[in-house]
1. Along the range A:163-177, what does the Karplus equation 6.51 cos²θ - 1.76 cosθ + 1.60 (θ = phi - 60°) give for ³J(HN,Hα), rounded to whole Hz, x for Gly and Pro?
2. Using only the Cα atoms of the range B:59-200, what semi-axes does the equivalent ellipsoid have when each is the square root of 5 times a gyration tensor eigenvalue? Give whole Å, largest first.
3. Please state the charge dipole magnitude for the range B:59-200, taken about the Cα centre, from unit charges on C-beta atoms (+1 on K and R, -1 on D and E), reported in debye and rounded to the nearest 20.
4. Inverting the mean 1/r over all pairs of different Cα atoms, compute the Kirkwood radius of the range A:1-137 and quote it in Å.
5. For peptide A:61-70, compute the average count of partner chain beta-carbon atoms within 10 Å of each residue's beta-carbon.
6. Let me know the mean shielding of B:110-116 by other chains, meaning the per-residue number of their Cβ atoms within 10 Å of its Cβ.
7. Along the positive direction of the dipole of the range B:59-200 (beta-carbon charges: Lys, Arg +1; Asp, Glu -1; about the Cα centre), which of B:167, B:182, B:133 reaches farthest?
8. Could you work out, residue by residue across A:119-129, how many beta carbons of other chains sit within 10 Å of that residue's beta carbon, and then give the average as an integer?
There are 2 protein chains.
Amino acid sequence: MARERSGGRVATREVVLASVRLFTENGFDATTMDGIAAATGVSRRSLFRRFGSKEDILFAEHDELFSTVVRYLEASPDDPLSSVFAAARLVLQGYLGDPEITVPRYRLVRAHPRLRDREVAMTARYQAAFSRFLADREGGDGGGERSLAAGVAAASLISAHNHVLRSWLRSPEQDRREVWASFDAAMEFVRRAAEPMLRAEEGAARERVLVAVYPGGIGRDELIRRVTAAVEGAGGA
Amino acid sequence: MARERSGGRVATREVVLASVRLFTENGFDATTMDGIAAATGVSRRSLFRRFGSKEDILFAEHDELFSTVVRYLEASPDDPLSSVFAAARLVLQGYLGDPEITVPRYRLVRAHPRLRDREVAMTARYQAAFSRFLADREGGDGGGERSLAAGVAAASLISAHNHVLRSWLRSPEQDRREVWASFDAAMEFVRRAAEPMLRAEEGAARERVLVAVYPGGIGRDELIRRVTAAVEGAGGA
DNA sequence: CCCTATTCTGGCACTGGATGCCACAGAAAG
DNA sequence: CTTTCTGTGGCATCCAGTGCCAGAATAGGG
């Protein structure tokens, strides 16, 4: 079913939509790159060049969304926590706004462990980006405590976001306002947990105990070096 | 370098160690299954049968650890939160106790995106297991709020665990006591955030606000139906 | 001890994802 | 029009992964 050869390059979105249809109808494994090439009019070789792999076709739109979110985050003027909340909102919006791809993809992902891993890797990319953003933007020293708090806050945020997202993906016909209400509730839930976490580092001097165990023979400088390393490693509590 | 044919089945661990060595020396992609077969004396076909894939050889030990942790979790009599902390301790112990595999694997994972995704998928499995465990064991109704709290708590725990784990993997020569001190500190950090989260559902009736937006024309029953659906969806805040 | 059923293993052939190489078409630049 | 650059398709090749089958090893029953 070679498409009209008249025009130039076939749009990415067209290829993705056709591929999603083929995957859904024939199964992911049973769909070959030759089949996609035949269905879209793009040569097998060009498919690999443009998308990288068969899986990447399915997640091409998602990669774009990720870039958008990261760019948005870098340009965000708000306080760090509000910025990542807004970024998460953008991600959910990306899913809700493109159900033609995201919903059947979710069904495929649920059925295929390999695709599920790929999806998980995507959310991990968000988590890493959010974590780094929070660690960079939040004040405090450069110690490990900050990156611990940032990492945990980002993980919480992603988890809450995915909780709402999955709920919608399972029944995409539900009212959007309910979805957004759930999202707001989830973000509020995370904010209550994450805000004191990130604030904690500012008053980090109080209410902390350092426990050091070390051989009796070592010198003073060596002891200090070790303690410094340990504290920088993860921040004692 | 075919191994002595005298004995029976070559142990899994031997195959993994040999493979890790080959991956490290020649690169993951440059190492073929034929190469591993030649180096271990196990036929190419049996390698696929026993491990599933080339990547799975690298993570075989990790899969075992995962099963151990899950079994431990199921048999754990402690309160749920302490149980998952203990389980996380078990995971870290699994890494620290097998540096011959875990350390070079970390180097490979860092260098190769595909392996990184695989590693991320492993941690996601832990996160899902912990989340389900918390959701099942913690009291409260069966609503979405509980699974939200459980998911966020599990995500926080995994993130904190990985924070400590990565710190050790980057410099595995550091004192183990420092690692465990960091771990304890990180767990304490998570406990402070997660405990109120999970408790919150018990006194869930207080301090909550319901915001409903709806068209003016709908009837009373329809309004109640929608509100009920929204609250069940993710628990308003 | 022998014969049988089950399981594990290895060899073989084959599919299909993925990559390198090269030739060619179209657009942009001179 | 010529040159250059970029994107494309065809071709050959590599190698992970799978189905099939035959043979070895192991267990079990008489």
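The values are calculated or read from the model by the stated rules, or taken from the named source; none is laboratory data. Fair warning: this is a prediction, and the values are worked out from it, not measured in the lab. Ideal geometry is used to build each Cβ from the backbone, glycine not excepted, and the neighbour counts take in all protein chains shown. For the accessible areas, the whole protein counts, side chains as well, though only heavy atoms, and no ligand, DNA or RNA atoms are used. Shrake-Rupley method; radii C 1.70, N 1.55, O 1.52, S 1.80 Å.
1. Karplus-based 3J(HN,Hα) across the range A:163-177 equals 4, 5, 4, 4, 4, 6, 4, 6, 9, x, 7, 5, 4, 4, 5 Hz.
2. 27, 16, 14
3. Value, rounded to 20: 480 debye.
4. After inverting the pairwise mean of 1/r, the radius is 16.3 Å.
5. If you average over the peptide's residues, the count of other-chain Cβ atoms is 0.
6. For this peptide, the per-residue mean of nearby foreign Cβ atoms is 1.
7. B:167
8. Across A:119-129, the average partner-chain Cβ count within 10 Å equals 3.
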